[in-house]
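Data block below; observations after.
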Amino acid sequence: MDNPDKFFRESHYNIVRVLLSLSGLWPFDSKATRYAIYCGYLLVAGSGFTFQVMGMLEVRSDIAEVIDFAPFGIHITLIATKAACIACTLPKVKILVMKMKEHWTSPKTEEEATILRAYATYGQKFGYVYTVILFGHSTLYLIESLVGKLTYVESNVETNGTIILETNGTSETLDVPVPVGLPLRVNYMVDVDTYYIPIYIHTVLAEMVYSLLMCAVDVLYLTSVQYYCGLLAALRCIMENAHNLKDGVDDLLEHVTKNGKSYSIVSYSIRRHTEAIQYIEILESLYRLPLLLHMGCDMLMISILGFQALVNIDDPNRFSQNCVYLSETLLNMFFENWQGQKIIDSNEKLYHSIYNMKWYEMSLAAKKLVILIMLRSLRPMQITAGKFIVMSYENFSAVIRMSSSYFMLLRSTQTV
């Protein structure tokens with residue numbers, strides 16, 4: 001199966017191929033196809049974001065409106081930057097997917113193949129679940145905006161260019177009309193009520209593009225981490241059962257040396273471990289900058305969204321929108337740190353598995369190789385954000401604590 005596109009279409013990693021192809025980030029698509037996708041997305045999502053920025057600029061003197069727009073603006077900037085980083089490093093993406101294909105098509109023991117299939121199946125299901133969650137939150141966010149069209153009653157009373165809105169029995173007078181039924185204030189340079197349907201459809205399309213780009217970048221990351229964990233799990237099985245492996249072992253070894261089959265199996269394991277290390281190093285270099293941006297932006301978004309939820313607690317529609325956006329941000333950040341923790345745990349498990357194997361029954365030459373792989377396992381493989389933030393549970397809790405500090409700062413400015 002020499003065609004990588006065909007391999008991924010028929011494998012458990014097809015969801016990666018589909019999402020990257022739809023996003024223009026599949027390295028095996030032609031340049032013309034990718035550039036056409038980029039232009040289409042720029043036209044839809046870029047114009048949508050422009051109209052929303054124009055709407056915010058109309059009320060830029062109102063700090064509350066600026067804060068209300070800030071999470072969305074940060075989120076869109078983050079998505080565009082992450083997608084651009086991946087688009088600019090497509091050769092690395094190509095190396096990642098080619099290494100996956102080469103490893104799957106190479107000879108393996110029956111136990112190794114079984115473990116890899118199990119992890120690939122789990123990664124496939126995980127990718128589907130993550131996609132549903134991400135698009136589900138976006139859909140729920142848009143539905144909440146549409147519900148607002150039904151719960152808000154607009155008065156036709158107009159005085160000196162002002163519009164009075166009645167919300168749950170209270171009235172508010174603004175110089176610039178509030179876009180009822182839309183997630184954010186916009187300025188399409190036309191009457192929003194007259195052209196509400198096409199404006200809302202355009203808003204939905206733009207939001208789906210944002211979600212698709214975010215999902216494509218994140219699913220590639222999640223699936224690649226799961227693949228790496230599968231490599232180490234298979235390696236643990238080989239090392240722990242070096243004396244008992246039979247099926248397929250002879251096909252893997254070019255010859256059995258005078259030091260015995262165990263020596264040859266350990267040598268094979270070292271090659272596999274080296275391949276896994278090279279794979280995760282490429283993945284880390286690919287996501288180093290996107291994850292750094294993600295952590296910083298999420299920290300700000302959590303603080304602002306928490307503050308907005310508190311401010312809008314008496315407005316059910318706005319409060320529910322803030323909660324939906326906040327939960328999506330928290331889940332997204334947790335998933336990415338969770339994958340980093342999986343890498344750390346997999347490396348620790350490999351070290352303990354090698355230590356618990358029957359190395360004392362091997363030849364002296366095999367024991368020396370075991371020491372080499374144990375020493376290399378002591379050096380932790382990690383996914384970092386900008387080379388100095390390790391993706392892990394500890395980092396997730398640290399970001400939450402930092403976000404809480406910024407939230408309290410915003411809260412204090414409200415009470416002053």
In the list 345, 298, which residue meets the criterion of being open to solvent by less than 10 Å² (accessible area, probe 1.4 Å) and either charged (D, E, K, R) or under 26 Å from residue 119 (Cβ atoms) (or both)? 298
Select from segment 257-286 the residues that are of a type in the set (Ser, Thr, Tyr) and in contact with a His (Cβ under 9 Å, 6 or more places away or on another chain) and write down the one among them that is modelled with the highest pLDDT. 279
If you scan segment 319-340, which residues turn out to be surrounded by fewer than 21 Cβ atoms within 10 Å (Cβ to Cβ) and more than 20 Å from residue 136 (Cβ to Cβ)? none
In segment 354-376, anything at pLDDT below 80 and either open to solvent by less than 20 Å² (accessible area, probe 1.4 Å) or more than 20 Å from residue 266 (Cβ to Cβ) (or both) is listed as 357, 362, 366
For residues in segment 1-13 being free of Cβ contacts under 8 Å to residues at least 40 places away in the same chain and within 23 Å of the chain's Cα centre (by Cα), which is surrounded by the most Cβ atoms within 10 Å (Cβ to Cβ)? 5
What are the residues in segment 267-298 that are closer than 14 Å to residue 232 by Cα and of a type in the set (A, V, I, L, M, F, W, C), if any? 270, 276, 277, 280
Log entry, pairs with first residue in segment 200-218 being touching a residue at least 12 places away in the same chain (Cβ under 8 Å), second being among the polar types (S, T, N, Q) and open to solvent by 20 Å² or more (accessible area, probe 1.4 Å), beta carbons closer than 6 Å, six or more apart or on different chains, reads 215/131
For segment 183-236, which residues satisfy the criterion of being open to solvent by less than 30 Å² (accessible area, probe 1.4 Å), more than 23 Å from the chain's Cα centre (by Cα) and hydroxyl-bearing (Ser, Thr, Tyr)? 196
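The values are calculated or read from the model by the stated rules, or taken from the named source; none is laboratory data. Remember, it's a predicted structure, so these values are computed and weren't measured experimentally. Don't worry about glycine lacking a Cβ; one is built from the backbone with ideal geometry, like all the others, and counts go over all protein chains shown. Each accessible area value is taken on the protein alone, full model and side chains, heavy atoms only, with ligands, DNA and RNA left out. Shrake-Rupley method; radii C 1.70, N 1.55, O 1.52, S 1.80 Å.
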